Amino acid sequence: MIGVALCANRTDLHRPPRSPIHTLMNEDVSYDLAVVGGGPAGLSAACLAGVAGLRTAFWPGPERAEDLRTTALMLPAIRLLNHIGVWGDQLESECAPLARLQIRDATGRRPAAPTVTFDATEIGQNEFGWNVPVAPLVEALRSRLQGCASVAVFEGGVSELDCSSETVLVRSEANLPIKTKVVIAADGQKSVCRKSAGISVTRWEYPQTAIVTSFAHSKPHENLSIEFHRKAGPLTTVPLPGDRSSLVWIETDEDAAELAALDDAAFARKLASETAKVFGQVSDITKRGRFHIAGSVARQFAKNRVLLVGETAHVIPPIGAQGLNLSLRDAALAVELIGEANAAGTDIGANTLMKAYDQRRRVDVFPRQLAIDVLNRTLISSFLPFQGARSLGLAALQAIGPLRRSIMQEGLAPKQGLPKVMEA
Ligand SMILES: Cc1cc2nc3c(=O)[nH]c(=O)nc-3n(C[C@H](O)[C@H](O)[C@H](O)COP(=O)(O)OP(=O)(O)OC[C@H]3O[C@@H](n4cnc5c(N)ncnc54)[C@H](O)[C@@H]3O)c2cc1C
């Protein structure tokens, strides 16, 4: 029954059919696992479940608007993509390695902080990771999923979960309810799965907006990513193939609105000046996207047979490339714990599994979220002691090699260890 359902009801992720795809489904049909959310976190979780052979029902949800972002993915995340089988020539050709990361003080405040450069060779690597454009990443994950025989893809969004002590009933817009033992919820910041599981979320706003785009430059980037620390927030350039870089430019909400409205030539001039002309001539600005900066964290990362991954669990400002790296660690650990319980013949949605996931993800996410919050707030605050502390911290990082190396190691992998598929 399951085998027939899996083959007969697969939908093409690129062209979802208009009619409900699981018309033969009834409540007797059950899956081990449901994954909800077709962003990079949910797609990765679904692919990992497929590679592990778990009987999985997957709801990618509503069509996504074109994603203009790129994400700096560190080596453990690249290992995960490799394990799934999407890190091949095609995706790699659209990405660039990140060999060095630099922080430059562009606040104009005194005392000025020194420039700090992190070089991957200092920790025995050629690169820290790769800059990966989100649209081709999502595309590669979607096509990989088509080859996962144990994953059935359902169209339409999930409307509600009925969580009981034994199972979860997934109610969706286009199908009859589907029974499952556990749910990986990756349905984003306004998650319905999180709400159904009874998990509350704390959210806060920053008075900032990020403009994202990419640009060409006359001087080579030499695989260096630069974070210019400015009074309104960081402006980060990240290498792309050739003489191009992607940009995350954080400004006050008002200034970002003005920036977004500039024509390409005026935007390029302003960018060249804000980046102290380190890129030479700036040109060929691509389409610009805008993201309001906010933070959020769920009170529990797992409860009532529902594990939260990605922005369903935590939202972090785009500083220091944390968000998707953490999200992929969420997805990898969730599938690892479920796979292990499945292999041992124990309940894959048991409370003990929920607690183990919650504890392991909490110790990874919380300190990083706090560090980014403090860094961002000290940048935008004019309180003098904050500036002094920030400058001292950067001076220490520049001067003390072991401290710098330990920060680099921690940036690649948390001290508590990585999920198995991300280990070197
Ligand atoms: C400007 C910017 C730059 C960034 N740069 C980096 C970086 O360099 N490195 C890094 O690691 N991170 C970065 N991040 C963070 C990263 O982009 C996010 O962590 C990541 O995109 C989150 O992915 P997600 O899958 O959790 O969420 P989303 O991409 O929001 O996906 C949620 C999905 O759920 C679906 N959905 C919603 N409702 C339902 C429903 N009811 N049923 C089914 N599906 C549903 C939606 O359609 C969507 O596809 C950046 C973020 C920003 C804003």
Per the filter on the stretch 168-208, residues modelled with pLDDT of 95 or more, touching a strand residue (DSSP E or B) at 6+ places or on another chain (Cβ under 8 Å) and part of a loop (DSSP other than H, G, I, E, B) are Ala186, Asp187, Gln189, Ser191, Ala197, Gly198, Ile199, Ser200
Starting from the stretch 182-197, keep only residues that are in the same structural domain as Asp32 (by TED's automatic domain parsing) and on the phi < 0 side of the Ramachandran plot, then list their pairs with residues that are of a type in the set (D, E, K, R) and near the ligand (Cβ under 10 Å from one of its atoms) whose Cβ atoms are within a distance under 6 Å, requiring at least 6 positions of separation or different chains. Gln189/Glu311; Cys193/Asp187; Ser196/Glu160
Between Leu307, Leu324, which is touching a Phe, Trp or Tyr at 6+ places or on another chain (Cβ under 8 Å), at pLDDT 95 or above and assigned by TED's automatic domain parsing to the domain that holds Arg360? Leu307
If I go through the stretch 404-419 residue by residue, how many of them are in contact (Cβ under 8 Å) with a residue 24 or more places away in the chain and either in a loop (DSSP other than H, G, I, E, B) or closer than 19 Å to Val365 by Cβ (or both)? 9
Just checking, how many residues over the stretch 365-385 are over 17 Å from His314 (Cβ atoms) and either buried (at least 16 other Cβ atoms within 10 Å of the Cβ) or among the small types (Gly, Ala, Ser) (or both)? 5
Conditions (1) more than 20 Å from Gly39 (Cβ to Cβ); (2) hydroxyl-bearing (Ser, Thr, Tyr); (3) touching a residue at least 40 places away in the same chain (Cβ under 8 Å): number failed by Ser327: (1)
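Look through the stretch 269-284, keep the residues that are of a type in the set (A, V, I, L, M) and closer than 13 Å to Ser218 by Cα, and return whichever of them is surrounded by the most Cβ atoms within 10 Å (Cβ to Cβ).
Step one: list which residues in the stretch 269-284 are of a type in the set (A, V, I, L, M), which gives 271-272, 276, 278, 282.
Right, trim to closer than 13 Å to Ser218 by Cα and you get 272, 278, 282.
On the way: Ala272: 19, Val278: 15, Val282: 24.
Checked the stretch 269-284; the qualifying residue surrounded by the most Cβ atoms within 10 Å (Cβ to Cβ) is Val282.
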Taking the stretch 78-103 and keeping only residues that are within 13 Å of the ligand (Cβ to nearest atom) and either farther than 25 Å from Asp243 by Cα or in contact with a Ser or Thr (Cβ under 7 Å, 6 or more places away or on another chain) (or both), one is left with Leu80, Leu81, Leu98, Leu101
Per the filter on the stretch 207-234, residues of a type outside the set (S, T, N, Q), within 12 Å of the ligand (Cβ to nearest atom) and at negative phi are Ala210, Ile211, Val212, Glu227, Pro234
Single unsatisfied condition, Val248 versus (1) aliphatic (A, V, I, L, M); (2) within 18 Å of the chain's Cα centre (by Cα); (3) more than 10 Å from the ligand (Cβ to nearest atom): (3)
Quick check on the stretch 337-395: of everything there that is of a type in the set (S, T, N, Q) and part of a loop (DSSP other than H, G, I, E, B), which residue is modelled with the lowest pLDDT? Ser382
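The values are calculated or read from the model by the stated rules, or taken from the named source; none is laboratory data. Fair warning: this is a prediction, and the values are worked out from it, not measured in the lab. With ideal geometry, Cβ positions are generated from the backbone for all residues, glycine too; neighbour counts draw on all protein chains shown.
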